[in-house]
Amino acid sequence: MVKMVVCIKQVPMVSELPWDPATGTLQRDLAEGMMNPACRSALDAALRIKETAGGEITAITMGPPMAEEVLREAIALGADRGILLTDRKMAGADTSVTSHTLARAIEKACQGFDLVLCGCSTSDSETAQVGPQLAEELDIPGVAYVDEIELSRGAVRMRRISDHFLETLEMDLPGIVTVTTGHYAPRHVPLGGLQAAFTGAQIDSLDAEAVGLDPEWIGAKGSATKIRNVFSPTAGKKNIVLTGAPKRIVEQLFDLFDDKIGGAIGKDLKTDKNSK
Amino acid sequence: MDFNPCMKHKVVRKAVRMFAEAELGPIAHDIDRDARFPTEVMEKMRPLHFFGLQAPKAYGGAEMDTISYAIVIEEISRISAAVGLCLTVHNSVGIYPIVRFGTEEQKKRFLPAMTGGLQIGAFCLTEANAGSDAGGVETLAVRDGNDYVINGTKIFVTNGSICGTALIFAITDTQNPQRSAGVFIVEKGNPGFAVGEIEDLCGMRANPVSSLFLEECRVPETNLLGRPGDGLKIGLATLDAGRIGIAAQALGLAQAAFEDSVRYSKERQQFKKPISSFQTIRNYLADMATEIDAARLLLYRACAVRDSGRPFGAEAAMAKLYCSETATKVTNTAVQIHGGYGYSKEYDVERYFRDAKVTEIYEGTSEVQRMVISRAVLARRT
């Protein structure tokens, strides 16, 4: 029976992003949380393995007490138990410290695990670093950006698209994969499962001490990364009215098109076109 | 007293919102325009227990508490009130009477298919001469050996053309209609049971509301719910439960109209300013928000009373009355805020406006709710 650990992050709900227009930052304390979409795909990948080959799934998350929500949701979807890493001392962790914290907790609470699954990146920070760093921390092989995964005789076989090539890879277990949102469509939460997840489900809450973490290597204190600025990218929209004779308008249109598209792809289309 | 939703209710809301926005959002406008019931979405709802929200687990239900149930109906109705209507009728007046009054044999026989969404439920009380006056029912069930033979016509049956299990309210003695009323479970395919034309209604158009005909429709006596003469009792208990669902549905509609109004008032520019900067619009939004909040609190209070096992008839009537009148008022204001666009089918508020009105009519009109509430008030010791 394959023992799987799925790392899940609660991220702010995109549809309800309370954005502070004055500072251009996200008001996280006001945002409703949801399961990060790629983590949802990672969970789905684990659930499919469990459904076809059997197995046991532990969902683990690090976050404020509210993050328990995503663990309950994971259990409603089919995970067997949840581990909530919550401690004020863990707050403000960068990706490196997050990976360190998760790794120590997995070693402590998920002994004998075969496969760790993470989302390839999170919708609120998009670094895509935690999964690969977790492989280093746990000292096990890892494959990132996996589209599809299946068990094959004590190993996992994976497909991913890398540099426009479709790769098929095989990895011995224990190992870690980070999963894209490409193949696994997120499933909806069964309401009966949700009722059960709030009545009989097992969720262990662990703080830094319970995991046995060095207080110097967790949270903001242990983080080397300092965020200097967070801003919302601006996308401009402009209407241009072309006037004059039709021939002139068409020429103008193509010129503008060349400028815009050529600028975006970093290629001089006019020269390219003329040389042909 | 804690007015914050608990974690479970928050997660239920998010899960259903995600489902509704993803699966119903893209089609809500079209199914209203085409008066089409979205069977493809029903297929997706089945494994997620939408058809057995509060039914016991033993019969395939999700065994949810009533606040969770109200949240589900509210969130589905926020996107499509017509689909919310299907669910609330199926769950609260289709399944609930069987759970509450059915024999073990009846529960085993009818509930699994209903909670699995394979048989949609309908509750058939209204007739040409009976609605608010349940005593005016003329559909007659005559005992014949171990069977009952039913004759009559039911109108305005929600889920009419798609129902697989209909609860038929009928009398067994024309001399004594009130005391002889009974509720009979009639399944689709039963000889003598036929579906009439789908009604051409102002709102809730994606729900196939129709009439049902019973002509020499023979059912075994084991299809009678409760004892002979229990009809009125079952009917009243069922309507109490049903009112919570309709209140939730109305609340979802009001919420949707409010959210659209907030969004539109920030976008729409007049006199070179967003209309949300004008005091009149701000006052509209303030009143809408206040009334919706009051409606929601009344509804959740009724749900909590029900879950505590105490009588909740008056609380449910208050919630239904206030939620439905709020829905009509808020959707009306939403159209006003949207101006000419609000009167156009291009904008959803036009649909909300049409959908809202009936919440003041079915499952007991506002006038009937006031009757129920005033009776409770007058019966209390002062």
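The values are calculated or read from the model by the stated rules, or taken from the named source; none is laboratory data. Fair warning: this is a prediction, and the values are worked out from it, not measured in the lab. Virtual Cβ from ideal backbone geometry, glycine too; neighbours counted across all protein chains shown.
Quick grid of which residues meet (1) in a helix (DSSP H, G or I); (2) among the basic types (Lys, Arg); (3) under 17 Å from the mean Cα position of the chain (by Cα):
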site: A:Gly82; (1), (2), (3): no, no, no
site: A:Val97; (1), (2), (3): yes, no, yes
site: A:Leu102; (1), (2), (3): yes, no, yes
site: A:Gln111; (1), (2), (3): no, no, no
site: A:Ser125; (1), (2), (3): no, no, yes
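Out of everything in segment A:185-211 that is among the charged types (D, E, K, R) and more than 11 Å from chain B (Cβ to nearest Cβ), what residue ends up being nearest to A:Cys39 (Cα to Cα)?
Restricting to residues being among the charged types (D, E, K, R) and more than 11 Å from chain B (Cβ to nearest Cβ), the top hit is A:Asp204.
Is at least one residue of segment B:73-85 more than 13 Å from chain A (Cβ to nearest Cβ), without any contact (Cβ under 8 Å) to a residue 24 or more places away in the chain and in contact with an Asp or Glu (Cβ under 9 Å, 6 or more places away or on another chain)?
Among the residues of segment B:73-85, not one is more than 13 Å from chain A (Cβ to nearest Cβ), without any contact (Cβ under 8 Å) to a residue 24 or more places away in the chain and in contact with an Asp or Glu (Cβ under 9 Å, 6 or more places away or on another chain), which makes the answer no.
Filter segment B:1-29 down to residues that are more than 10 Å from chain A (Cβ to nearest Cβ), assigned to a loop (DSSP other than H, G, I, E, B) and not charged (D, E, K, R), then give me how many there are.
7
Taking the options A:Glu167, A:Glu137, A:Glu209, name whichever one is among the acidic types (Asp, Glu), more than 16 Å from the chain's Cα centre (by Cα) and either buried (at least 21 other Cβ atoms within 10 Å of the Cβ) or in a strand (DSSP E or B) (or both).
A:Glu167
Any chance you could count how many residues in segment B:187-208 are crowded, with 23+ Cβ neighbours inside 10 Å and either assigned by TED's automatic domain parsing to the domain that holds B:Lys107 or touching a Leu at 6+ places or on another chain (Cβ under 7 Å) (or both)?
2
Just checking, does segment A:114-122 include any residue being farther than 12 Å from A:Lys9 by Cα, of a type in the set (Val, Ile, Thr), in contact with a Leu (Cβ under 8 Å, 6 or more places away or on another chain) and not in a loop (DSSP other than H, G, I, E, B)?
yes
Which pairs turn up if I take residues in segment B:28-57 that are more than 14 Å from B:Gly84 (Cα to Cα) and look for partners that are basic (Lys, Arg) with beta carbon separation below 6 Å, at least 6 apart in sequence or on another chain?
Hits for this filter: B:Ala35/B:Arg205.
Just checking, which of B:Tyr148, B:Tyr69, B:Tyr59 is within 14 Å of chain A (Cβ to nearest Cβ), over 13 Å from the mean Cα position of the chain (by Cα) and surrounded by 16 or more Cβ atoms within 10 Å (Cβ to Cβ)?
B:Tyr59
Out of (1) buried (at least 17 other Cβ atoms within 10 Å of the Cβ); (2) assigned to a helix (DSSP H, G or I); (3) in contact (Cβ under 8 Å) with a residue 24 or more places away in the chain, what's the single condition that is false for B:Gly364?
(2)
Which one is surrounded by the fewest Cβ atoms within 10 Å (Cβ to Cβ) among residues in segment A:221-268 that are under 26 Å from A:Ala91 (Cβ atoms) and polar (S, T, N, Q)?
Going through the qualifying residues, I end up with A:Asn229.
For the list (1) modelled with pLDDT of 95 or more; (2) small (Gly, Ala, Ser); (3) within 13 Å of the chain's Cα centre (by Cα), I need the number of the one condition that B:Gly116 fails.
(3)
Conditions tested, residue by residue: (1) in contact with a Gly (Cβ under 7 Å, 6 or more places away or on another chain); (2) at pLDDT below 95; (3) more than 25 Å from A:Arg88 (Cβ to Cβ).
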position: A:Ala105; (1), (2), (3): no, no, no
position: A:Asp114; (1), (2), (3): no, no, yes
position: A:Thr122; (1), (2), (3): no, yes, no
position: A:Ser125; (1), (2), (3): no, yes, no
position: A:Gln129; (1), (2), (3): no, yes, no
position: A:Pro141; (1), (2), (3): yes, no, yes
position: A:Asp147; (1), (2), (3): yes, no, yes
position: A:Glu150; (1), (2), (3): no, yes, yes
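Within segment B:35-54, work out how many residues are more than 10 Å from every other protein chain (Cβ to nearest Cβ), among the hydrophobic types (A, V, I, L, M, F, W, C) and not in a helix (DSSP H, G or I).
Adding up the residues that qualify gives 2.
Taking the options B:Glu187, B:Glu216, name whichever one is at positive phi, charged (D, E, K, R) and modelled with pLDDT of 95 or more.
Sole residue among the options that is at positive phi, charged (D, E, K, R) and modelled with pLDDT of 95 or more: B:Glu216.
It is to be established whether one or more residues within segment B:323-334 are within 29 Å of B:His29 (Cα to Cα) and touching a strand residue (DSSP E or B) at 6+ places or on another chain (Cβ under 9 Å).
no
When you scan segment A:71-78, do you find a residue that is away from chain B (no Cβ under 14 Å) and over 20 Å from B:His9 (Cβ atoms), even just one?
No, because not a single residue in segment A:71-78 is away from chain B (no Cβ under 14 Å) and over 20 Å from B:His9 (Cβ atoms).
Can you find, within segment B:230-244, the residue that is surrounded by the fewest Cβ atoms within 10 Å (Cβ to Cβ) among those that are part of a helix (DSSP H, G or I) and not aliphatic (A, V, I, L, M)?
If we take residues in segment B:230-244 being part of a helix (DSSP H, G or I) and not aliphatic (A, V, I, L, M), then B:Lys233 is surrounded by the fewest Cβ atoms within 10 Å (Cβ to Cβ).
Answer yes or no: is there a residue in segment A:183-197 that is within 26 Å of A:Gln111 (Cα to Cα), among the aliphatic types (A, V, I, L, M) and loosely packed, with under 15 Cβ neighbours inside 10 Å.
The answer is no; no qualifying residue exists.
Residues that are assigned by TED's automatic domain parsing to the domain that holds B:Glu23 and over 23 Å from B:Met42 (Cα atoms): find the helices (runs of 4 or more DSSP H) completely inside segment B:65-184 holding 3 or more of those.
The qualifying helices (runs of 4 or more DSSP H) are B:104-115.
Give B:Arg296, B:Arg227 a once-over and let me know the one that is in a loop (DSSP other than H, G, I, E, B) and farther than 19 Å from B:Val89 by Cβ.
Just one listed residue meets the conditions, B:Arg227.
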